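Read through the structure below, which is laid out as structure tokens, and then see the notes.
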Amino acid sequence: MMSYELIVFLAVGIPMIGAFLVPLIAKISEKLVGWYSTTLVFISAALVLYLIPEVILDSKVIVAVLSAGASLLIVPRLIGTSFTFYVDALSLIIGIAASLFGAFDLLYSTADMAHEEGQPRFYFLMLLFIGSMIGLAFAGDLILLFIFWEIVGLCSYSLIGFYYKKPKSLYGSFKAIMLTHAGGIGLLIGAIWTFFLTGTTTYTELPTVISQLPANAQIALNIILVLYLIAAMAKSVQFPIHTWLPDATVAPSPVTALLHAAAMVKAGVYLIARVYLLYPITIQWNVITATVGIITMTVASFAMIAQNDVKRLLAYSTITQIGYMFLAIGLGTTLGLAAGLFHLFNHAFIKGLLFLGAGCLIYATKTKDLREMGGLARNMPVTTTACIIGALAISGLPPLNGFVSKFMIYEAAISAGLAMKGFIGSLYLFYGIFAIFASAMTFAGAMKFVFSAFFGPRPKELENVKEVPLEMQITMVFLTIVCIVFGIAPSIPLNYLIIPAATTLVGGTLTVSTLGYVASAVGGYYATLIVGLLALSLILGAILYKLGAVEYPAEMEGKFGIFTGGEINEPYLAIEKTRLDPSAFSFSPEMLFGKFYSIMEKGGLDKLWFGIGNTVVKLSEKLRRIQVGYLNVYIAMAAIAILLIYVLIML
């Protein structure tokens, strides 16, 4: 029987090492590459799932340390860095989302990418990304975390620019790497600063060492936390560093679903949750984090509803939902952490489902414009059903999983507000109420997607559209089942994954019964019980209807028509006339907030970021003048820089 430490290394190593064998497999058969990659990730996902009993049921943390000699072959020795993996419940949440969704995403890709050029490159990068994402979640050292953080970013850059012959792909990939990489510097500086303060960067040692620091070290720790927050905001697309994600949707649909919905954009959420275990958290940091989330969900929800590109609409929806996660985790309570992490877990499957559904539409119709779609429900019943369930789940409608996690976020914010009182308490109460409004905006955007694509008149050029291949359908069905099951029985993921992670990070207790009761100071939700009662009511209603049905004599047929309200030409409203034009969904917001949308159309925040970039270029040109060619000048400048860094560290 393999040790758990070996399983951890294999879960990370199989997809990463397997990626470098892709070119060899491609020489045998390019068609084989997709199935080879899918198999590897399914194995990795099975290994990650195998860790659940040890970590959750036995309440253990798996610490796997690579020997010094072996680690030097993989990563150079950096300021005390050890090649250590640290697997707890929080690690498993990200690990499962990345590996399990990644496996089905690659299964989907075997059909979706079958006719694309450059498949070996695609699968190489996808395998490297999935392995690095699991490594990021399992990293037990801040520097190792940063290394995986950057590998994930480089994979994202390459995959966004997969269609490198298209200018939009190059623009999207460059924009993504610049904004996320710039934010990632905050993580690196924070990790190095932590090392200078404590002499270590490993998760196992940091809490103890930090607790022994003098009181005046809290100022430095607060700055480090802000640096981490900036890194998290860039990676997890929070305002104002969110603008790269909509442009990243030029990537292939499996890339958008995995990197920019299920996995990579959750890295920042993981980071702000992980710091609860490592650093003393202040109420100021909590408020800032929650406020970032509420501002982001506000801006993104209004931007979402104005989109006609199906993938850009879903991208803004992703930004909105990650805002919910920042809000919940920023509350700092056990219920808040549980709600934020559960929404992270749910969102990986819900939004992954919706992005893959959008990919099915693009695969079948060859367009991303919702204005060019319509009436596809009859042609694509599996895709339609899956997308409707995904849209309802992301909107927070019961009995789906999105409702449970959103309900918990509302509960957490209102409970925190009632408990804290004062200005901050009032702020949290407002945030909880406003989050409900943002959910209504999400629902409007989701309905725009569903009605524009699947209902109403079907364009003539789409009359012969067919359902997508079986591999794509299997993935959609699996994700749909997850949305339903975790909505009906939320106690399964909550008790065996989410709550153990939350209590590990901030302590406290949280009870979820087998009937799905999520308790808080403001109420609860019996998910399983309510669904059971609804099902029983429907069954009883059907039985009563059957028992009370009256059969009319055959001679009465045709004598009396069914009364439908007195229509003369049509006895009913034809389904072709039920479709709203996509522009109708954004008409009212655009009338109310015309200036906001006008700024967006003119470039919005991109003008700020490109302005900063141009300023840096101009300053760089001026700095060239100090290159005088004298060694003593360079030594003096280096000494001054080192002195400044030392002074900052000693503050």
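The values are calculated or read from the model by the stated rules, or taken from the named source; none is laboratory data. None of the values given here were measured: they were computed from a predicted structure. Cβ: placed from backbone, ideal geometry, glycine included. Neighbour counts: every protein chain shown. Side chains included, ligands, DNA and RNA excluded: accessible areas come from the protein's heavy atoms. Shrake-Rupley method; radii C 1.70, N 1.55, O 1.52, S 1.80 Å.
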Exercise. Hey, does the range 329-339 have a residue that's surrounded by fewer than 22 Cβ atoms within 10 Å (Cβ to Cβ), in contact (Cβ under 8 Å) with a residue 40 or more places away in the chain and more than 14 Å from the chain's Cα centre (by Cα)?
Worked result: yes
For this session: Might you let me know whether the range 70-80 holds any residue that is surrounded by fewer than 19 Cβ atoms within 10 Å (Cβ to Cβ), at pLDDT 90 or above and within 30 Å of THR194 (Cα to Cα)?
Result: no
For this session: With respect to PHE345, determine if the residue is open to solvent by 30 Å² or more (accessible area, probe 1.4 Å) and within 21 Å of ALA97 (Cα to Cα).
Result: no
Problem set entry | In the range 12-54, the residues that are of a type outside the set (A, V, I, L, M), open to solvent by less than 20 Å² (accessible area, probe 1.4 Å) and under 22 Å from the mean Cα position of the chain (by Cα) | PRO15, THR38, SER44
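Which members of the range 306-328 meet the condition of being open to solvent by 10 Å² or more (accessible area, probe 1.4 Å) and part of a helix (DSSP H, G or I)? First the steps, then the outcome.
Step one: of the range 306-328, the residues open to solvent by 10 Å² or more (accessible area, probe 1.4 Å) are 306-309, 312, 316.
ARG312, TYR316 - these are the residues of the range 306-328 that are open to solvent by 10 Å² or more (accessible area, probe 1.4 Å) and part of a helix (DSSP H, G or I).
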For this session: Just name the residue that is most open to solvent (accessible area, probe 1.4 Å) out of those in the range 152-173 that are of a type in the set (A, V, I, L, M, F, W, C) and in contact with a Phe, Trp or Tyr (Cβ under 8 Å, 6 or more places away or on another chain).
Result: LEU170
Seminar exercise, completed: Condition set buried (at least 16 other Cβ atoms within 10 Å of the Cβ) and among the aromatic types (Phe, Trp, Tyr), scope the range 419-442, selection farthest from THR320 (Cα to Cα): answer is TYR428
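Could you list, in sequence order, the residues of the range 364-380 that are without any contact (Cβ under 8 Å) to a residue 40 or more places away in the chain and in contact with a helix residue (DSSP H, G or I) (Cβ under 9 Å, 6 or more places away or on another chain)?
Correct list: THR367 only.
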For this session: Look at GLY183 and say whether it is modelled with pLDDT under 90, in a helix (DSSP H, G or I) and open to solvent by less than 20 Å² (accessible area, probe 1.4 Å).
Result: yes
Problem set entry | Among the candidates THR198, THR204, residue that is open to solvent by 40 Å² or more (accessible area, probe 1.4 Å), closer than 14 Å to LEU278 by Cα and of a type outside the set (A, V, I, L, M, F, W, C) | THR204
Problem set entry | Residues located in the range 444-494, provided they are without any contact (Cβ under 8 Å) to a residue 40 or more places away in the chain, of a type in the set (Gly, Ala, Ser) and within 26 Å of LYS368 (Cβ to Cβ) | none
Seminar exercise, completed: A careful count of residues in the range 372-388 that are open to solvent by 20 Å² or more (accessible area, probe 1.4 Å) and farther than 19 Å from ALA440 by Cβ gives 7
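Condition check ((1) within 28 Å of SER99 (Cβ to Cβ); (2) open to solvent by 10 Å² or more (accessible area, probe 1.4 Å); (3) part of a helix (DSSP H, G or I)) across all residues:
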site: PRO240; (1), (2), (3): no, yes, no
site: PRO246; (1), (2), (3): yes, no, yes
site: ARG274; (1), (2), (3): yes, no, yes
site: VAL299; (1), (2), (3): no, yes, yes
For this session: State whether one or more residues within the range 511-525 are open to solvent by 60 Å² or more (accessible area, probe 1.4 Å), among the polar types (S, T, N, Q) and modelled with pLDDT under 85.
Result: yes
For this session: Evaluate the following for PHE430: is it assigned to a helix (DSSP H, G or I), without any contact (Cβ under 8 Å) to a residue 60 or more places away in the chain and within 29 Å of the chain's Cα centre (by Cα)?
Result: yes
Exercise. What are the pairs, 6+ residues apart or on separate chains, where a residue within the range 229-243 that is farther than 13 Å from GLY293 by Cβ has its Cβ under 6 Å from a residue that is hydrophobic (A, V, I, L, M, F, W, C) and open to solvent by 10 Å² or more (accessible area, probe 1.4 Å)?
Worked result: ALA234/LEU179; ALA234/ILE241; PRO240/LEU605; ILE241/LEU179; ILE241/MET233; THR243/LEU605
